[in-house]
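Reading through the structure tokens given below for one structure.
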Amino acid sequence: MPSAVSARLPVFPWDRLEPYKATASAHPDGIVDLSVGTPVDPVPELVQRALAGAADSPGYPTVWGTPALRDAIVAWVTGRTGAVGLAHRGVLPVIGSKELVASVPAQLGLGPGDRVAYPEPAYPTYEVGARLARAEPVPYRGSPTELDPRGLRLLWLNSPANPTGRVLDVAELRAIVAWAREHGVLVLSDECYLELGWEAEPVSVLNPDVCGDSHEGLVAVHSLSKRSNLAGYRAAFLAGDPAVIGELLGVRKHSGMMLPAPVQAAMAVALGDREHVVEQRARYAARREALRTALTARGFTIAHSEASLYLWATRDEPCWDTVAELSKLGILVAPGDFYGAAGDRFVRVAFTATDERVAGAVARLA
Ligand SMILES: Cc1ncc(COP(=O)(O)O)c(C=O)c1O
């Protein structure tokens with residue numbers, strides 16, 4: 001057995017949640033699982049049809065994707081983020097954004113002595129990517145412009161954020177981009193919740209008000225998992241600095257990191273359609289409002305949460321006490337310390353359950 005890579009990785013203790021899951025599952029009306037953010041609503045019909053229509057795809061797909069897919073990505077990014085001058089050289093499909101987050105530091109050649117910064121609390125895979133590359137993981141609270149730039153090669157942003165739902169505004173993003181460019185730090189901006197703003201309008205790092213008319217040193221990461229209920233398809237993409245995208249394309253070509261051809265066809269159609277996004281947003285908005293009202297009435301304070309698929313809730317007690325109490329009502333939530341010590345008095349409540357399950361949770365909280 002070669003040296004175990006897994007030993008370098010953080011322990012992500014979903015096992016610790018098991019006893020609470022068992023308690024919640026014992027509720028006579030069954031568990032309401034709000035601990036994970038996995039879509040539960042149907043894949044849009046037109047996307048299913050596009051997938052099926054491309055079922056006869058005997059040849060190898062390419063890592064860069066079909067020209068039709070690249071056209072669809074360029075058109076969507078340009079229309080949705082206001083990015084100027086984006087062309088095929090600035091886009092790259094990836095097999096869901098998680099694999100990219102976990103592998104991009106190594107694929108860019110980072111290693112010992114290099115530092116990778118990411119927010120705290122945060123989606124745990126930023127740290128995983130740093131560790132897989134043997135780079136130094138550097139969690140930051142507050143603004144990344146306070147970081148020591150020495151050795152810092154890669155800076156992760158996540159707006160709207162998981163788990164807090166926080167949105168960085170234009171002024172904050174502009175200041176971060178200016179700082180990163182001044183210090184030669186590559187910015188990777190995870191924008192997979194961009195379409196899910198509720199009380200704030202999320203802005204991309206590629207918006208010219210943030211980055212000017214150049215994408216130098218910037219790559220935005222987007223996913224269709226949440227926007228289009230395509231988590232099961234594995235459909236995401238990068239957009240930004242052609243020099244970085246070109247390097248990643250070169251490396252990923254040699255590793256066979258390609259999307260299946262039917263998924264590429266489905267993704268292009270999904271990007272071209274906005275109606276299903278509006279419909280899905282309406283479902284989430286109703287669930288969010290119902291849960292927010294019920295949690296607030298029960299004494300919770302909701303912090304941030306102006307966007308994304310989560311309510312970041314606290315009763316100013318250790319997160320595991322909150323998890324325990326809610327589990328007795330048959331409701332499972334994620335403890336904030338899963339996302340870093342900064343979350344240890346919060347729980348993350350996902351509103352990705354069905355209307356029926358959300359109504360059940362609301363009744364139990366009353
Ligand atoms: C912040 C963030 N980034 C990336 C991902 C990965 O999404 P996917 O791999 O489905 O594109 C998630 C999933 O929950 C997430 O919350």
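The values are calculated or read from the model by the stated rules, or taken from the named source; none is laboratory data. For clarity, every value in this text was computed on a predicted model and none was experimentally measured. Cβ: placed from backbone, ideal geometry, glycine included. Neighbour counts: every protein chain shown.
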With Ala290, Ala286 as the choices, which residue is crowded, with 17+ Cβ neighbours inside 10 Å, over 30 Å from Gly142 (Cβ atoms) and not assigned by the TED database to the domain that holds Ala72? Ala290
Output yes when any residue across the stretch 78-87 is within 16 Å of the ligand (Cβ to nearest atom) and either among the hydrophobic types (A, V, I, L, M, F, W, C) or in contact with a helix residue (DSSP H, G or I) (Cβ under 8 Å, 6 or more places away or on another chain) (or both), and no when none is. no
If I ask for residues that are crowded, with 21+ Cβ neighbours inside 10 Å and either out of contact with any strand residue (DSSP E or B) (no Cβ under 7 Å at 6 or more places or on another chain) or on the phi < 0 side of the Ramachandran plot (or both), which ones from the stretch 162-184 would you list? Asn162, Pro163, Thr164, Val167, Leu168, Leu173, Ile176, Val177, Ala180
Please indicate, with yes or no, whether at least one residue in the stretch 158-174 is of a type in the set (Gly, Ala, Ser) and away from the ligand (no atom under 14 Å from the Cβ). yes
Out of (1) assigned to a loop (DSSP other than H, G, I, E, B); (2) within 24 Å of Ala334 (Cα to Cα); (3) out of contact with any helix residue (DSSP H, G or I) (no Cβ under 6 Å at 6 or more places or on another chain), the odd one out for Ser225 is which? (1)
Determine, yes or no, whether Glu201 is closer than 24 Å to Ala231 by Cα, part of a loop (DSSP other than H, G, I, E, B), away from the ligand (no atom under 15 Å from the Cβ) and not polar (S, T, N, Q). yes
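Yes/no per residue for (1) touching a strand residue (DSSP E or B) at 6+ places or on another chain (Cβ under 6 Å); (2) at pLDDT 95 or above; (3) over 28 Å from Asp213 (Cβ atoms):
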{"site": "Trp64", "(1), (2), (3)": "no, yes, no"}
{"site": "Arg70", "(1), (2), (3)": "yes, yes, no"}
{"site": "His88", "(1), (2), (3)": "no, yes, no"}
{"site": "Leu92", "(1), (2), (3)": "yes, yes, no"}
{"site": "Ile95", "(1), (2), (3)": "no, yes, yes"}
{"site": "Leu100", "(1), (2), (3)": "yes, yes, no"}
{"site": "Gly109", "(1), (2), (3)": "no, yes, yes"}
{"site": "Arg134", "(1), (2), (3)": "no, yes, yes"}
Within the stretch 144-189, restricting to residues that are more than 17 Å from Val203 (Cβ to Cβ) and acidic (Asp, Glu), the one that is nearest to the chain's Cα centre (by Cα) is Glu146
